[in-house]
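Chemist: Below is the structure I would like to discuss, written out as structure tokens.
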Amino acid sequence: MLVKEGSYVKAGQPLIKLDDVLTQAQYMSATTSYEKAQKDWERARDLRRQEVISNTELEAARLQSKAAEATYITSRKQYHNSVIVAPIAGVVVSCPVTVGSMVGKDDVVANVVDMSLFKLELNVDEPTAFRLKVGNVVTITTDVYPGVTFSGRIDSISAKCDAAHNYPVKLIIQNNHSQYPLKSGMYGKATFDMLGQEALVIPRTALVGSVKQPQVFVVEGDQAKLREIVVGNQVGTKLTIVQGLKEGDRIVYNGQENIKDNARVEIVR
């Protein structure tokens, strides 16, 4: 074992070393056979030019050289694979094997995580998905570091939505805050810059029911009228309104759980 959990490794750095006694012996034998076959092939070409051997014998020597070369390449690869290296730079988060373990093909010997770059996956609604573009800059915050923002960008937007008409979006985040390092598995909140587009918004607290069946109480005169609306994006503690309200409408955003449709209300200033 050349590393342990928590070690930082560079790309190509050795992680573990396997028992290489047999693979080394096979490599040495294949090297010797390949060198001999190469010399036999060169000798056969000289003999053919002197018309000492036939074309059939020359072709046999050539094929023997190719076969020996293939065996040599395979054994060299197997011998070099006795030292398993890190494919990327990162931190070793686990080592499932120990000294003396039997390791077979496709067995995982170490998990290396690239801590310099993270991916945040989320789903956005249909209107938002068609307003976003790959490469757009996104601001990310976490509950672990209140008030600290991380910069990211949109890496991909799925071309297929789910049953709720939400589209998977993947963001790439640079983990370059030395004082506030990100860790794999954390939750984050993404804020998209919608290019300065204006929208009608209401407080999330004004909503009656769920976002899937949103309603609000609109004050008309001295009565509270329950009205169905269509919401769009959620921006912080506010919801954008797609349909059902217009600018200037008065809505109840506090205490609406205590009133019913057409109830008499008094506006407190």
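Table: residues versus (1) modelled with pLDDT under 90; (2) in a strand (DSSP E or B).
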site: 170; (1), (2): no, yes
site: 177; (1), (2): yes, no
site: 187; (1), (2): no, no
site: 198; (1), (2): yes, no
site: 210; (1), (2): yes, no
site: 216; (1), (2): no, yes
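Chemist: Which numbered condition trips up residue 77, out of (1) in contact (Cβ under 8 Å) with a residue 12 or more places away in the chain; (2) out of contact with any Cys (no Cβ under 9 Å at 6 or more places or on another chain)?
Modeler: Here residue 77 meets the rest and fails (1).
Chemist: Sticking with this structure for a sec: Assess whether residue 191 counts as being among the hydroxyl-bearing types (Ser, Thr, Tyr), modelled with pLDDT under 90 and either surrounded by 11 or more Cβ atoms within 10 Å (Cβ to Cβ) or in the same structural domain as residue 138 (by TED's automatic domain parsing) (or both).
Modeler: Judged against the criteria, residue 191 is a match.
Chemist: Next question. Determine if segment 198-208 includes at least one residue that is of a type in the set (Lys, Arg), surrounded by 15 or more Cβ atoms within 10 Å (Cβ to Cβ) and in contact (Cβ under 8 Å) with a residue 24 or more places away in the chain.
Modeler: Yes: segment 198-208 contains one or more residues that are of a type in the set (Lys, Arg), surrounded by 15 or more Cβ atoms within 10 Å (Cβ to Cβ) and in contact (Cβ under 8 Å) with a residue 24 or more places away in the chain.
Chemist: I would also like to ask the following. Read through the list (1) surrounded by 15 or more Cβ atoms within 10 Å (Cβ to Cβ); (2) more than 18 Å from residue 170 (Cα to Cα), then give the number of the only condition that residue 105 fails.
Modeler: Checking residue 105 against (1) surrounded by 15 or more Cβ atoms within 10 Å (Cβ to Cβ); (2) more than 18 Å from residue 170 (Cα to Cα), the one that fails is (1).
Chemist: Hey, any hits in segment 233-246 for a residue that's assigned to a loop (DSSP other than H, G, I, E, B) and farther than 28 Å from residue 165 by Cβ?
Modeler: No, segment 233-246 contains no residue that is assigned to a loop (DSSP other than H, G, I, E, B) and farther than 28 Å from residue 165 by Cβ.
Chemist: Taking into account only those residues within segment 118-153 that are hydroxyl-bearing (Ser, Thr, Tyr) and surrounded by 15 or more Cβ atoms within 10 Å (Cβ to Cβ), which is farthest from residue 189 (Cα to Cα)?
Modeler: Per the stated criteria, the residue is 128.
Chemist: Just give me the residues in segment 255-269 being under 12 Å from residue 223 (Cβ atoms) and at pLDDT 80 or above, in sequence order.
Modeler: 259, 260, 261, 262, 263, 264, 265, 266
Chemist: Kindly indicate whether residue 40 is in contact with a helix residue (DSSP H, G or I) (Cβ under 7 Å, 6 or more places away or on another chain), among the acidic types (Asp, Glu) and closer than 30 Å to residue 90 by Cα.
Modeler: no
Chemist: Every residue in segment 156-191 that is among the basic types (Lys, Arg) and closer than 17 Å to residue 115 by Cβ, please.
Modeler: The one that is among the basic types (Lys, Arg) and closer than 17 Å to residue 115 by Cβ: 183.
Chemist: Follow-up. Considering only residues of segment 176-216 that are of a type in the set (Gly, Ala, Ser) and under 33 Å from the mean Cα position of the chain (by Cα), which is farthest from residue 254 (Cα to Cα)?
Modeler: Among residues in segment 176-216 that are of a type in the set (Gly, Ala, Ser) and under 33 Å from the mean Cα position of the chain (by Cα), the one farthest from residue 254 (Cα to Cα) is 178.
The values are calculated or read from the model by the stated rules, or taken from the named source; none is laboratory data. No experiment lies behind these values; they were computed from the predicted model shown. All Cβ positions, glycine included, derive from the backbone under ideal geometry; neighbour counts span all protein chains shown.
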